[in-house]
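Following: one structure in structure tokens, then a few remarks.
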Amino acid sequence: MAGEPQPHTAQPTPEFDEATLMAAGRLAIALGRNKETGRPFRALVKKIDPTRTFPADDVADLREEMAERERKAKEKADHDKIINAIEAQRKIVAGRYTDDEMKEIDKIMEKAGLTDYEIGEELYLSRRKPGVARDAALSNGRTWEFPQADGLFENPQKWATDEAVKVIDEIKTGVFRP
């Protein structure tokens with residue numbers, strides 16, 4: 001068939017004398033035995049004459065193929081491990097933000113070339129404009145004030161207990177006292 005190498009058959013070569021053929025043969029043997037040129041030379045011989053076999057080269061080829069498969073499998077496993085770690089980290093961070101906020105974090109990370117969601121979150125928080133208070137009671141124009149400290153210095157334990165009870169009552173009732 002066209003394109004396929006045909007087995008080499010000995011043909012008389014009237015254009016070469018016996019001495020040239022002997023020299024070419026010795027050169028071929030030297031090329032085939034040389035550590036640097038041996039395998040490439042033998043591969044060329046196999047292209048010209050596919051019926052020739054070189055068992056040591058065949059075994060070496062199989063070993064190289066197996067090593068390449070192992071390298072690719074390890075590379076894929078390492079890649080999958082990294083992707084899984086990134087996805088797990090993303091899930092943790094996503095639990096603290098809305099979908100729109102996560103899109104912003106993803107944009108920041110892509111722009112900065114980051115894969116660490118914790119660092120992406122820190123960048124997002126450092127660049128984010130202060131938001132409006134989410135609690136309706138706090139967003140109705142109220143301002144924060146320092147608590148009255150009457151009795152703080154006379155009996156700090158009692159004052160702290162009274163303040164804690166006030167806060168607990170406010171939380172339970174939903175009525176905030178000044």
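Here are some notes:
- If the segment from R128 to T173 were pulled out straight at 0.36 nm per residue, it would be longer than the present Cα-Cα gap by 12.9 nm.
- Proximal aspartates and glutamates relative to K172, as straight alpha-carbon distance under 20 Å, when same-chain residues fewer than 8 apart are discounted: D135, D162, E163
- Listing Y124, Y97 from fewest to most neighbouring C-beta atoms within 10 Å gives Y97, Y124.
- For region 24-105, the spread of Cα positions along the three principal axes, ordered from largest to smallest, is 77, 22, 21 Å.
- Proxy reagent accessibility, fewest Cβ within 10 Å first, across V167, V93: V167, V93
Here, each number is a calculation from the coordinates, and none is a lab measurement. Keep in mind it's a predicted model, so treat the numbers as computed, not measured. Neighbour counts are summed over all protein chains in view; Cβ atoms, including those assigned to glycine, are modelled from backbone coordinates with ideal geometry.
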